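Just below is one structure, and these are the notes that go with it.
Laboratory data are not the source of any read-out in this text; all were calculated from the coordinates shown. Bear in mind that the values here come from a model prediction, so they are computed numbers and not experimental data. Glycine also receives a Cβ, built like all others from the backbone with ideal geometry; neighbour counts cover every protein chain displayed.
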Amino acid sequence: MCGIAGIISKNEISQDVISAMTQRLKHRGPDAQGIFIDPNKRVALGHTRLSIIDLSDAANQPFLSQNGRYVVIFNGEIYNFKALRGELKNRHGVTMRTNSDTEVIAEGFSIWGEAIASKLEGMFAIAIVDHREQSLFLLRDRIGKKPLFYYKSESEFVFASEIKALLCHPSVRSNKKFNKKVFGTFLHLGYIPEPETAFTNIFKFPAGHYGHLNSNLGLTVKPYWRIEEQLGLPRMNDPIKQLDALLNYSVESRLISDVPLGAFLSGGTDSSLITAYASKFVSQPLKTFSIGFKESKFDESVYSEAVAKHLNTDHTQYQLSENEAIRLLETYLDHFDEPFADASAIPTMLVSGLARKHVKVALTGDGGDELFLGYGSYRWADRLNSVGWRLIRHPLLFSFKHFGNSRLKRVSQLLEPARKGSIRSHIFSQEQYFFSDHEIENKLLRDTLDYESFRYADPAGLASSLSEEEKQAIFDLKFYLKDDLLVKTDRASMFHGLECRCPLLDHSIIDFALNTPFEMKRRGGVNKWILKELLKTYLPADLVNRPKWGFSIPLSQWMKNELSYLMDFLSEENLEKTAIFKTPYVRDLVDRFHKGEEYLYNRLWVVIIMQRFLINHV
């Protein structure tokens, strides 16, 4: 796990620039830093290393292939690198100089070229410079666990693991402009989906794609893996047995490490299952970590402690006070480089800091909800497409948003007709308490701002046999997981130099979940049924069959108390300064929130974050 940065230019590159970009990523790789500049000073690469596999200096990057043609920088882990290493040795006669996965990439690319993409199992953002062709090859993992941003002009191509490093480049910084067309999308979803960012000329390199930049700086980007193309794969007769085998392989392969390793353990289904499987493969009790809130409504530490006891883990738990979490707020808002509304990044940063005191690698349960129908919003996808619900979606129900209680007001917003091609994002948005398309266009944004709504229609190739719930889950897999949850995990953990690995997001498990019958995901009203069936092998029923809790913070309460100072971003003066929002509507939301309509807190939160971003980046 590391940070990468690079510049390919038609003009001479200053070492000071690539050095500044690399230094800005030091938190991602505190163990070693390296820079490569070609003799013509037209190519520069920077790397900050978090040493996990092969701790020797010989494995440091940038890494040169044996034939001298390729230079590699790489962020992530390749879990099947030993198998690929064996293939390179036995079939191609390659003798390795190190025990690193980076060398496998360098030598593998020398032989397989772009075909290496489908061979790699893991999480990765890779850049490979070809000296002979004077070109660059980029590669990002299938589901988008590792970040990669880029800027392109006629004379320069600049890339990095985080936007903050890109902004160290003079051209990127001087040409920085707000990407106003995504403002509405952020207010609707709480994050900015790829390939867009908050800046017009900075882009997210797409997950599951590889790219080729030729000597004239022409960029070609192609997919090597798509979610839709995994549908329709053969099924086994015994899904439980198949998933058990896949989890054993996925977890065991993610325990490869030359440094101490542990796991996040919230006590929920996903983290408990991963911890249970991992505990089978370690000789000493697995180190596990959790954060508990002193405010009991948001504290599930009793469950994580009980699970840790049953699985005999070496558990470390920290009881977090509101004041400690709030002190981290400004750091979280600045660290993500663009508007990002998922405030659960705060406890994620805190549990990462706790774990980093003991280990360098932590397993997580990310992906279980999206793959196996863990969210309540999926049931709304089914309801809103049923004949009965379509009949009762009457304008009378929308009036509840004016005089009903908070729950009825929320439901009335969910029942509001969505634009064609927007039902998936509408369901997600209203479950998260964000703004609907109708609100954004007609009430929230000023008429002078061109509003471009976020559109997503189920792809034509999406199997007709899938339920509405499964289609909604695929939407989350393509967007919410990739551009929110995995971003949160990456930035929060790498802030502390901690590597997080996600066994449930092995592509073989994704393929399995996409082709598993619905009744294996939900049965008898039980979400994630197949995961819980496996978990029953390790835990008693009372720890398996309990309500979903979630990793949240008391944000609504804080906004009325400790974080009330943030409301200043919603003052008439500041709203007029940015000239994005209709001041009367925002002020009305603030008044309603303080008068008891607490469900509006996330609407206000995304506006605060947008306002803060615009004001602080002028």
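Annotation: Cα Rg of the range 1-122 relative to the compact-globule expectation 2.2 N^0.38 Å equals 1.07.
Each label point was placed 7 Å from the Cα along the Cα-to-Cβ direction; for ASP57 and LYS89 their separation is 2.6 nm.
Note down the Stokes-Einstein diffusion coefficient of the range 554-618 in µm²/s, whole number, using a Kirkwood radius over alpha carbon pairs, 25 °C, and 0.890 mPa s.
Here the translational diffusion coefficient equals 207 µm²/s.
Distance between the pseudo-spin-label points of ASN545 and GLU576 (7 Å out from Cα toward the beta carbon): 6.1 nm. Per residue of the chain, the DSSP helices (runs of n ≥ 4 H) give a summed -39500 (n - 2.57) that works out to -10500 deg cm²/dmol at 222 nm. Relative to the Cα centre, the charge distribution of the range 2-225, modelled as +1 at Lys and Arg Cβ and -1 at Asp and Glu Cβ, gives a dipole magnitude of about 500 debye.
With neighbours defined as other Cβ atoms within 10 Å of a residue's Cβ, the residues GLU468, GLU562, GLU154 order from fewest to most as GLU154, GLU562, GLU468.
Shown for TRP558, TRP380: other C-beta atoms within 10 Å of each C-beta, ranked fewest to most, produce the order TRP558, TRP380. Normalising the Debye intensity of the range 488-597 to I(0), with uniform scatterers on Cα atoms only, and taking log10 at q = 0.11, 0.16, 0.18 Å⁻¹ returns -0.73, -0.93, -0.99. What the pair-distance distribution of the chain shows, using all Cα-Cα distances binned every 10 Å from zero, is 3, 16, 26, 28, 19, 7, 1, 0 percent. The value obtained for the range 2-225, namely the Cα convex hull volume divided by the number of residues, is 117 Å³ per residue. The 3J(HN,Hα) values that the Karplus relation (6.51, -1.76, 1.60; θ = phi - 60°) gives for the range 46-56 are, in residue order, x, 8, 10, 10, 9, 6, 10, 10, 6, 7, 6 Hz. Gly and Pro appear as x. Here the ratio of the Cα radius of gyration of the range 195-350 to 2.2 N^0.38 Å is 1.39.
Residues of the range 502-522 with the amide nitrogen closer than 20 Å to a label point 7 Å from the Cα of ASP31, along Cα-to-Cβ, please. Answer for this model: 502-503. Taking amide H atoms as placed 1.01 Å from N in the peptide plane, the amide H of ALA362 lies under 5 Å from those of GLY262, GLU499, CYS500, ARG501, each 5 or more residues away in sequence or on another chain.
Each of LEU84, TYR224, LEU350 was scored by the projection of its Cα onto the charge dipole of the chain, and the greatest displacement toward the positive side belongs to TYR224; charges sit on the C-beta of Lys, Arg, Asp and Glu.
Please order SER250, SER9 by the number of other Cβ within 10 Å, starting at the fewest.
SER9, SER250
Annotation for the range 236-307: chymotrypsin sites (Phe, Trp or Tyr not before Pro) lying in DSSP loop with at most 15 further Cβ atoms inside 10 Å of their Cβ are PHE281.
For a Förster distance of 22 Å, can you work out the FRET efficiency between the beta-carbons of VAL618 and LYS180, rounded to the nearest 0.05? Don't skip to the end; give the middle numbers.
Working: r = 14 Å, r/R0 = 0.63.
For R0 = 22 Å, the calculated efficiency reads 0.95.
Distances between placed amide hydrogens fall under 5 Å for LEU148 paired with PHE205, all partners being 5 or more residues away or on another chain.
Round to the nearest 0.05 the FRET efficiency obtained for SER283 and LYS82 when R0 = 25 Å and r is the Cβ-Cβ distance. It comes out at approximately 0.80. Relative to the current alpha-carbon distance between GLN15 and ALA245, full extension at 0.36 nm per residue lengthens the span by 77.9 nm.
What share of Cα pairs, in percent, lie more than 16 angstrom apart in the range 187-245?
69
The gain in end-to-end length when the SER564 to ARG587 segment is fully stretched comes to 6.8 nm, 0.36 nm per residue minus the alpha carbon separation. The label point for GLN23 and the one for LYS309, both projected 7 Å from the Cα toward the Cβ, are 5.2 nm apart. Amide H to amide H distances under 5 Å link ILE192 with no residue, where only residues 5 or more positions off or on other chains count and H is placed in the peptide plane. Computed on the range 54-130, the Cα convex hull volume stands at 82 Å³ per residue.
Put a plus charge on the Cβ of each Lys and Arg, a minus charge on the Cβ of each Asp and Glu, and nothing anywhere else: the dipole of the chain about its Cα centre is then about 460 debye.
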